[in-house]
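The values are calculated or read from the model by the stated rules, or taken from the named source; none is laboratory data. No experiment lies behind these values; they were computed from the predicted model shown. Here the Cβ positions follow ideal geometry from the backbone for every residue, glycine too, while neighbour counts run over all protein chains shown.
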Amino acid sequence: MTVFLIIIVIALFAVTVWQMSKIFDLSRDTTHTDSSQIANEKDNKVNGYLMLMFVVFLYVISIYCFWHYSKFYLPEASSEHGSEVDNLMFISIALIMFVQVLTQGLLHWFAYKYRGEKGKKALFFADNDKLEFIWTIIPVIVLAGLIIYGLFTWSDIMNINEEDDPLVIEIYAYQFDWRARYSGEDNTLGKANVRFIQGVNQLGVDESDSYGNDDVIINELHLPVGRPVLFKFRSQDVLHSAFFPHFRAQMNVVPGMITQFGFTPTITSEDIRASEYMVEKVARINEIRKEKSKELMAAGEVPLDSYEFDYYLLCNKICGQGHYNMQMKIVVESEEDYNAWMKEQQTFGETMAAQKETKEDVPVELEEAPMETEEVAVVEKKNN
């Protein structure tokens, strides 16, 4: 309500100033002034200079933004195909900026150079085939080349060579978390369906499918460096989007269907933490957290922990209230460390067997023991 009242006051103040300016105009001596609504040479000259000043300001602010905010760029891509994506992105930006600088410069320079002057008459011609050919065929050639280059790049990324023996991992999305299901020693995922979700079987893996017995379900994604990985995505509820920013990968996770994407990690978590870019970034973040911790401690609250970089899988679709916190840690490590970690994990078959043993250990009389007549009467009395 306070904000609404402030907006009303500002609007009324603006109207008052406008009305006062009209009164001031009406009270001026117009004998020696030009009160015409038609722009004169002085007006045209002022607007011409303003156009030049604006384009200079536009160039200066653009250069400043590219320089100052370059520290927020993502670091070097951590996947094989990431460099191709970055190249495509930078080529697109370079073409856009070239056209923008050229066209905006000409637009504002012409507005100044050909401003209205007394005795100057504009040259008019209905059409010019040469000019129309130039500004039509050049964009067509450039855009066609960019699109073809993009299609070839996309085709190389999406066509995964099965002969490379990629590691098959299912990424399962649900509000508001991720689960990873590794394909086990046979590198083949077992069948799954949301209808099979029950108890510890949170991903709905089909128990009757032998391929699923050696699957490993975990909430932290570990990837071996240098090995191709094929991700198969599945959603339990709504549309999600699996976003791997540092690996330049993203794929929609659609309910009722399986989508897939693959890449080869090239930089381990330890190596990227030691990179110059990440060391500087982590230092800046910890400096900010340190200052914030002082404020928290002064208010009697718990200070913030020191920040350490980790890869993360994020959701890039607004999928509900918990969307902002839908993330899963990714650890890229050596093949030896990955194999050692995998040996420590429990397979789906072992998990289901442990659940059955737990059920069998519960005495039948405790599960289905009938209540005595007096107990039934007491329960009914409480319910009523």
- request: Output the residue which, of all residues in the stretch 218-240 that are over 19 Å from Lys343 (Cα atoms) and in a strand (DSSP E or B), is nearest to the chain's Cα centre (by Cα).
  value: His240
statement: Per the filter on the stretch 209-240, residues aromatic (Phe, Trp, Tyr) and either touching a Leu at 6+ places or on another chain (Cβ under 9 Å) or more than 28 Å from Thr153 (Cα to Cα) (or both) are Tyr211
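Residues are listed down the side, and each one gets a yes or a no for (1) surrounded by fewer than 17 Cβ atoms within 10 Å (Cβ to Cβ); (2) in contact with a Phe, Trp or Tyr (Cβ under 9 Å, 6 or more places away or on another chain); (3) not hydrophobic (A, V, I, L, M, F, W, C):
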residue	(1), (2), (3)
Asn219	yes, yes, yes
Leu223	no, yes, no
Pro265	no, yes, yes
Thr268	no, no, yes
Ser275	yes, no, yes
Lys281	yes, yes, yes
Glu287	yes, no, yes
query: Inside the stretch 179-217, can you point out the residues that are part of a strand (DSSP E or B), out of contact with any Asp or Glu (no Cβ under 8 Å at 6 or more places or on another chain) and either surrounded by 21 or more Cβ atoms within 10 Å (Cβ to Cβ) or not polar (S, T, N, Q) (or both)?
result: Arg179, Val216, Ile217
field: Flag if Trp154 is under 30 Å from Gln236 (Cβ atoms) and either over 23 Å from the mean Cα position of the chain (by Cα) or assigned to a helix (DSSP H, G or I) (or both)
entry: yes
- prompt: If you take the residues of the stretch 116-169 that are under 30 Å from Arg181 (Cβ atoms) and without any contact (Cβ under 8 Å) to a residue 24 or more places away in the chain, which of them is surrounded by the most Cβ atoms within 10 Å (Cβ to Cβ)?
  reply: Trp154
- request: Output the residue which, of all residues in the stretch 308-348 that are of a type in the set (D, E, K, R) and more than 21 Å from the chain's Cα centre (by Cα), is surrounded by the most Cβ atoms within 10 Å (Cβ to Cβ).
  value: Glu333
message: Need the failing condition index for Gly105 against (1) surrounded by 10 or more Cβ atoms within 10 Å (Cβ to Cβ); (2) modelled with pLDDT under 90, just the number.
response: (2)
